[in-house]
Amino acid sequence: MTEIQIRTLRGEDFESLRQLEADIFGSAGYAVVSPHYLRLCTDFFADTCFLALVDGQPIGYMLCFVRGREAYSTRLGVCEEFHGTGVAMRLIGACISKLVEDDYDLLWFTVKPDNTHARELYRRLGAVERAVRRDFLAPGDELIIGEVDKQTLIRLGQRFRPSREVARPSGGAGLHA
């Protein structure tokens, strides 16, 4: 298999991110997030949002917003042909490494109740499901809110130490909140 690169988002990733959102979530019948949301990720939260690439082509992403000492992972998607290759875990690992490096206290995530694969992945990482939010994105929609606490982040940070595969843009990556 070709080498997979994981890096933080850049402003120029906006169109690729829109296409990935449509390919991964839209084609599976899920609502896609608005372009405004994706633009916030590429221009204001790029340091905590990650893109996976193969031969320069985007194949997956993880979006994570930060507020205070807490991070909110809101979207994780990998193109179907790369399911089972570890791309999702590498995206999560890059995000966790960044959060540990910057001393965050919590990582929150959302997942659909019927997404047993993602729920198991988060459980294996040590996440705890805290609540179910009804009508979260639309009437009838349900999302599970999960949490990875600081001690678990630190433990995972040791497992996912940054390596050469996580490329961060040098300087001027955009505005950051």
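Listed here are the residues, each with its yes/no results for (1) within 20 Å of residue 122 (Cβ to Cβ); (2) without any contact (Cβ under 8 Å) to a residue 40 or more places away in the chain.
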site	(1), (2)
24	yes, no
36	no, yes
44	no, no
52	yes, no
73	yes, yes
89	yes, yes
94	yes, no
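Considering region 99-118, and only residues there that are part of a helix (DSSP H, G or I) and in contact with a strand residue (DSSP E or B) (Cβ under 8 Å, 6 or more places away or on another chain), the residue that is nearest to residue 44 (Cα to Cα) turns out to be 99. Restricting attention to region 119-177, the residues being touching a strand residue (DSSP E or B) at 6+ places or on another chain (Cβ under 9 Å), among the charged types (D, E, K, R) and either at pLDDT 90 or above or more than 15 Å from residue 97 (Cβ to Cβ) (or both) number 12. Among the residues making up region 1-21, those that are within 10 Å of residue 53 (Cβ to Cβ) and aliphatic (A, V, I, L, M) are 4, 6. Put simply, of 2, 8 the only residue that is polar (S, T, N, Q), over 18 Å from residue 66 (Cβ atoms) and touching a residue at least 12 places away in the same chain (Cβ under 8 Å) is 2. Checking every residue in region 54-65 against the condition of being under 22 Å from residue 152 (Cα atoms) and at pLDDT below 95 gives at least one match. Restricting region 126-153 to residues that are in contact with a helix residue (DSSP H, G or I) (Cβ under 6 Å, 6 or more places away or on another chain) and more than 18 Å from residue 47 (Cβ to Cβ) leaves a set whose member that is surrounded by the most Cβ atoms within 10 Å (Cβ to Cβ) is 146.
The values are calculated or read from the model by the stated rules, or taken from the named source; none is laboratory data. Bear in mind the structure is a predicted one, so any value in this text is a computation, not a measurement. Note: ideal-geometry Cβ built from the backbone for every residue, glycine included; neighbour counts use all protein chains shown.
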